[in-house]
Amino acid sequence: MKRIGIIGTGNLGTHLISLLCRNNFRDVVTVSDLDYIKAETIANMNNLKVAKTNLDNIYISDIIFLTVKPNNMREVCNEIKSVTDSTCLQNKIIVSAAAGVTTEKINEWTGRKHNIIRCMPNIPIS
């Protein structure tokens, strides 16, 4: 089964985590956040794996949900850009939930062409 990484444990990330857990995806979900303590707390509350860094989450996940605020998206994209092993990113899917951030911007900020899906969920996702 594909590994799902959720980067960002704010409201949207937390609701997405709840949805995945309720639908029996708990075993394949790993969470991360720039604030490791916050990610660890959310992971422990939901019995999930937590990655030490967003970069670690990027390496181990096949599908990466970016649920960070739009003003933090460039920083996360820079982390993706720092992956020097291009085969690592080759078949990954990036799902962006950042309003106003186009797939073109994500490709520009990461320095590569990715399989990107944009979604515009909101709190009713849960």
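Being touching a residue at least 24 places away in the same chain (Cβ under 8 Å) and either within 18 Å of ILE94 (Cα to Cα) or of a type in the set (A, V, I, L, M) (or both) is the requirement here; does VAL50 meet it?
Spelling it out, it is not the case that VAL50 is touching a residue at least 24 places away in the same chain (Cβ under 8 Å) and either within 18 Å of ILE94 (Cα to Cα) or of a type in the set (A, V, I, L, M) (or both).
Kindly indicate whether any position in the range 54-75 is assigned to a loop (DSSP other than H, G, I, E, B) and in contact with a helix residue (DSSP H, G or I) (Cβ under 7 Å, 6 or more places away or on another chain).
Looking through the range 54-75, at least one residue is assigned to a loop (DSSP other than H, G, I, E, B) and in contact with a helix residue (DSSP H, G or I) (Cβ under 7 Å, 6 or more places away or on another chain).
Kindly indicate whether any position in the range 105-112 is touching a Lys or Arg at 6+ places or on another chain (Cβ under 9 Å) and either under 18 Å from THR9 (Cβ atoms) or surrounded by fewer than 12 Cβ atoms within 10 Å (Cβ to Cβ) (or both).
No, the range 105-112 has no match at all.
Anything in the range 1-20 that is over 15 Å from VAL95 (Cβ atoms) and either crowded, with 23+ Cβ neighbours inside 10 Å or at pLDDT 95 or above (or both)? List them, or say none.
Across the range 1-20, the qualifying residue is only THR9.
Could you check how many residues of the range 89-106 are under 17 Å from ILE7 (Cα atoms) and either without any contact (Cβ under 8 Å) to a residue 12 or more places away in the chain or in contact with a helix residue (DSSP H, G or I) (Cβ under 9 Å, 6 or more places away or on another chain) (or both)?
9
The values are calculated or read from the model by the stated rules, or taken from the named source; none is laboratory data. Predicted model, so just to flag it, every value in this text is computed and none were measured. A quick note on method: Cβ atoms are made from the backbone with ideal geometry, for glycine too, and the neighbour counts reach across all protein chains shown.
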